[in-house]
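Here is the structure we will look at, set down as structure tokens.
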Amino acid sequence: MRWDHLGDSDRAPAALFGADVVSRTVDTPEFRGITFHEVRARSAVNRVPGASRMPFEWTVNPYRGCSHACVYCFARRTHGYLDLDTGTGFDTQIVVKVNAPELVRREISGPRWRGEHIAMGTNVDCYQRAEGRYQLMPGILTALRDHANPFSILTKGTLVLRDLDLLRQAAQVTEVGVSMSVGFVDQELWRTVEPGTPAPQRRLEAVRTLTDHGIACGVLMAPVIPFLGDSPEQLRATVREIARAGAVSVTPLVLHLRPGAREWYLQWLGRHHPHLVERYERMYAQGAYAPRWYQRQITRQVHELAAEYGMGPARAGEARRITAPRAGHGRAARDSGATAQEPEQLTLL
């Protein structure tokens, strides 16, 4: 396993971790079979790759690997940088940056930091089950609150409700956005493709709780899975439940299959839906993303349904309820390039 000379992406040459790594395999019902690699990171606030279309420049990711075990997760390839398996290893070998809270506080206190927006949950989920054990997010949120630094969170984890008070306190002094990821409400599909996540209905209950307590919560409807979760009936059922939960917006994102995730997902597809393998190979023959016509079709359908249920899509640059920082608190987020006529889908990191 490689720890030294490791950047936060394949383009980052700087070392991310030191050599003082503690690995613990936890044999409890909640974490059985999961190994935690506790590391002391050298940085916590990381710049987004320049090629990304995301409307923010900085992220904090206290974990690598994710026990949510979503078979499609695009972040799987990052485990390969550590010589860890991008399949089962990604689900069970969790890297924990145990000093993330103190690093965040130190880095946003520095004279060079300009109070720019920080996005969390953009690589792996910061409210995965490991967070219940390590409790890194309260310290991170406290640092952001104390410095009135704008931030957003994207999660599938209902554990975010544990930090509701901190989120409300932060929202009094800076811009705070929370989005829940709910791509579908089909129970059978959820059990097979997102086996480690809270059920979709539980996530939507968390949306209602956040909104009721003054934290406007949007839903990233992701991923919309071709041929398994994209029928008109499935899209309608999902948007209807999102609206009933009180979400302030819904933004669809079609499944994309990058190296690492692609191989793992197609293996899963071959076991569970072998008749679809050839259709996927044709659909994704040109790369990681579904054809643009298909993405636009799904986006249009979801937006029409959202309007029918009295809920709008997120505006350009607001995919995670990001709003422009106030004067003195950093630069405004970049526009994502979406247009009202032909809304573009997001490109994740």
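Of the peptides 276-287, 205-216, the order by per-residue mean of other Cβ atoms within 10 Å, starting with the highest, comes out as 205-216, 276-287. Distance between the modelled labels on Arg202 and Ala288, one decimal in nanometres: 2.9 nm (7 Å Cα→Cβ projection).
Remark on region 42-194: Rg and Dmax equal 15.5, 51 Å (Cα only). A quarter of the convex hull surface defined by the alpha-carbon atoms of region 35-109 gives 5.7 nm² as the mean projection.
The distance linking region 232-309 with region 136-210 is 22 Å (Cα centroid to Cα centroid, whole angstrom). Each Lys or Arg adds one and each Asp or Glu subtracts one; over the other residues with Cβ under 12 Å from the Cβ of Gln234, this totals -3. Note on Ser109 and Glu281: the model spin-label points, each 7 Å out from Cα along the C-beta direction, lie 5.7 nm apart. Placing R0 at 25 angstrom, the Cβ-Cβ distance between Glu30 and Glu102 gives a FRET efficiency of 0.45 after rounding to 0.05.
Averaged across orientations, what area in nm² does the convex hull of the alpha carbons in region 114-236 project?
Quarter of the Cα hull surface area: 8.0 nm².
Amide H contacts of His37: Arg24, Ile94, Val95, Val96, each under 5 Å away and 5 or more positions distant or on a separate chain (H built 1.01 Å from N in the peptide plane; Pro and chain starts excluded).
All of the numbers you see were taken from the coordinates with simple rules; none came from a lab. Computed from a predicted structure; not experimentally measured. Backbone-built Cβ (ideal geometry, glycine too); neighbour counts: all protein chains shown.
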